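Asks: Below is a structure I'd like to ask you about.
Readers should treat all values here as calculations from the given coordinates under stated rules, not as data from a laboratory. Not measured: the values here are computed from a predicted model. Positions of Cβ are backbone-derived with ideal geometry, glycine not excepted, and every protein chain shown enters the neighbour counts.
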Amino acid sequence: MRIAILTPTFDYYSGIDRVVQLQAEDYVKKGHKVTIIALEAKIKSEKYKIVELDMPKNNTLQRLYRLFFFLDAKKVNYYKKLKNYDIVISHFYPMNWLAYLARKKYKIKYIYFNHGINTTGLLNNVWQKLYMKLFSFFTNITLKNVDEAYSVSKYLKDDLKKVSGLDSKVVYNKIDKKRFNKKVKGNKIIKKYNLKNDKVLLYVGRIAPHKGIHLLIQSFNTIKKQIPNAKLIIVGKPTFNNYFKTLKKISNKDVIFIGFVSDEELPYYYAACNLYVTASLWEGFNIPAAEAQACGKKVVAFDVGSHPEIIKKGILVKNKDLNEFANAVIKLLK
């Protein structure tokens, strides 16, 4: 079969895109011809075709462009090139428009993967509130003719039903057990950052406000009083510059910002840590927490979103309770 998989940014730092990457590879292994279609594509592969449609580079313009993507007639008309595909799979708005129109015009099977729409911490601002309302409104329009829908957690299944009326089946994101497992050793990371005599806490993910990294650092300051040799390693790409500057200001020398780490290197960071920690305020799945557990590490996180489903090894604490968070970390480290 010919399968088109749609995602806005086919990039290494995006959890959704890592899911898309594994999905594409699985379909190729089964003998299907796969094309990834994205507005921006940093991931490269010789196993399947990648089409990059392009979008503005400026973050503000990019957000507006993605919201009103349907106004770009030239890009939207790309749906006509999906005519000869058997299945179109869309993972996130605004790419749903292409799947929606291909289904409407050519009766091509349209499958939607629901990764959720995060509104946590964004609704204090009237413009952000309006943006998210429009984002949800346009998303729901593009879901009206879906043939099959899948949510990556029960939490998102319930949320999708509530906001759109669409029923979906739960299919948890796959973790690449060949790369993320208990056999991986973290020696070179321990040596590189001189962590031999330290208790290492690890966070992996985007540097964004809803990820609660400011809360993680605040809690870490409490942890340090009980465990002086604790270190906090933060792996991930900053996507909000002002937020990142604030994080740097409130961090001491024992908070180590690594930046982007390749998929090949990432397992070694999990292997090097004593505990995986996240103060994220919303998660539709949380791939890094799942990867950490696959590497045999326990997790401390807030009891929010999909965490009760995904986190089976570790401790969940009340949302934003930093003292309880710190005590959970101290308990597991000791």
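Asks: Using a Gaussian network model on the chain with a 10 Å cutoff between Cα atoms, which of Tyr150, Tyr172, Tyr110 fluctuates the most?
Replies: Tyr172
Asks: With runs of 4+ DSSP H residues as the only contributors, calculate the mean residue ellipticity of the chain at 222 nm using -39,500 (n - 2.57) per run, divided by the residue total and rounded to the nearest 500.
Replies: -11000 deg cm²/dmol
Asks: Further question: Kindly put Met1, Met95 in sequence by how many other C-beta atoms sit within 10 Å of each C-beta, fewest to most.
Replies: Sorted ascending by nearby Cβ count, the order is Met1, Met95.
Asks: Let me ask something else about it. Can you sort Thr35, Thr60, Thr239 by how many other beta carbons sit within 10 Å, fewest first?
Replies: The fewest-first ordering by Cβ neighbours comes to Thr60, Thr239, Thr35.
Asks: For the pair Lys83 and Asn229, how long in nm is the line joining their label points, each one 7 Å along Cα→Cβ?
Replies: Going from the Lys83 label point to the Asn229 one covers 6.9 nm.
Asks: Please work out the FRET efficiency for the pair Tyr193 and Glu25, using the Cβ-Cβ distance as r and a Förster radius of 45 Å; give the result to the nearest 0.05.
Replies: Working from the Cβ atoms, E equals 0.90.
Asks: Something else now. Order by neighbour count: Met132, Met55, fewest other Cβ atoms within 10 Å first, most last.
Replies: Met132, Met55
Asks: Once you have the Cα-Cα distance between His214 and Phe257, take 0.36 nm times their residue separation minus that, and quote the gain in nm to one decimal.
Replies: Length difference between fully extended and current span is 14.2 nm.
Asks: Right, another one. What is the gain in length, in nm to one decimal, between Asn221 and Met132 on full extension, counting 0.36 nm per residue of separation less the C-alpha to C-alpha distance?
Replies: In short, 28.6 nm is gained.
Asks: Then there is this: For the stretch 177-194, in order, what is each residue's ³J(HN,Hα) by Karplus, 6.51 cos²θ - 1.76 cosθ + 1.60 with θ = phi - 60°, in whole Hz (x at glycine and Pro)?
Replies: 5, 6, 9, 9, 7, 6, 7, 5, 9, x, 4, 6, 6, 4, 5, 4, 10, 6
Asks: How charged is the neighbourhood of Met132? Take every other residue with its Cβ under 13 Å from the Cβ of Met132, and add Lys/Arg as +1 and Asp/Glu as -1.
Replies: +4
Asks: Place the peptides 323-329, 201-207 in order of packing, highest mean first, counting for every residue the other Cβ atoms within 10 Å and averaging per peptide.
Replies: Per-residue mean Cβ counts within 10 Å order the peptides as 201-207, 323-329.
Asks: Right, another one. Mind ordering 187-194, 263-270, 4-11 by average Cβ neighbours within 10 Å, highest first?
Replies: In decreasing order of mean packing, 187-194, 263-270, 4-11 become 4-11, 263-270, 187-194.
Asks: Taking the Cβ of Asn319 as the centre, find all other residues whose Cβ is under 14 Å away and add up their charges (Lys, Arg: +1; Asp, Glu: -1).
Replies: Value of the local net charge: -1.
Asks: Moving on. If you take the beta carbon distance between Lys154 and Lys331 as r and set R0 to 25 Å, what does 1/(1 + (r/R0)^6) give as a FRET efficiency, to the nearest 0.05?
Replies: 0.35
Asks: Sequence gap at least 6, Cα distance under 8 Å: using those rules, report the relative contact order of the chain to the nearest whole percent.
Replies: Here the relative contact order equals 14 percent.
Asks: Additional query: Please list, or write none, the lysines whose alpha carbon is within less than 17 Å of the alpha carbon of Lys192, excluding same-chain residues fewer than 8 places away.
Replies: List returned: Lys231, Lys253.
Asks: I would also like to ask the following. If I model a spin label as a point 7 Å beyond the Cα along the Cα-Cβ vector, how far apart are those points for Val171 and Thr239 in nm?
Replies: 2.3
Asks: Still on this structure, please answer the following. Show the residues, 5+ positions off or on another chain, whose built amide H is closer than 5 Å to the amide H of Ala41.
Replies: Phe10
Asks: For a test of the definition: using alpha carbon positions, the gyration tensor, and the 1.5 limit on a/c, classify the chain as rounded, prolate or oblate.
Replies: Judged from the Cα gyration tensor, the chain comes out prolate (a/c at least 1.5, a/b above b/c).
Asks: Could I ask something else about it? For helix 241-250, report the angle its Cα long axis makes with the longest principal axis of the Cα atoms of the chain; keep it between 0 and 90° and round to the nearest 10°.
Replies: Roughly 10 degrees, rounded to the nearest 10.
Asks: Shifting gears a bit: Need one word for the stretch 139-252: rounded, prolate or oblate. Basis is the Cα gyration tensor (sqrt eigenvalues a ≥ b ≥ c); a/c below 1.5 gives rounded, then a/b vs b/c decides.
Replies: Here the stretch 139-252 falls in the prolate category.
Asks: Round to the nearest 0.05 the FRET efficiency obtained for Leu61 and Ile250 when R0 = 51 Å and r is the Cβ-Cβ distance.
Replies: Result of the calculation: an efficiency of 0.95.
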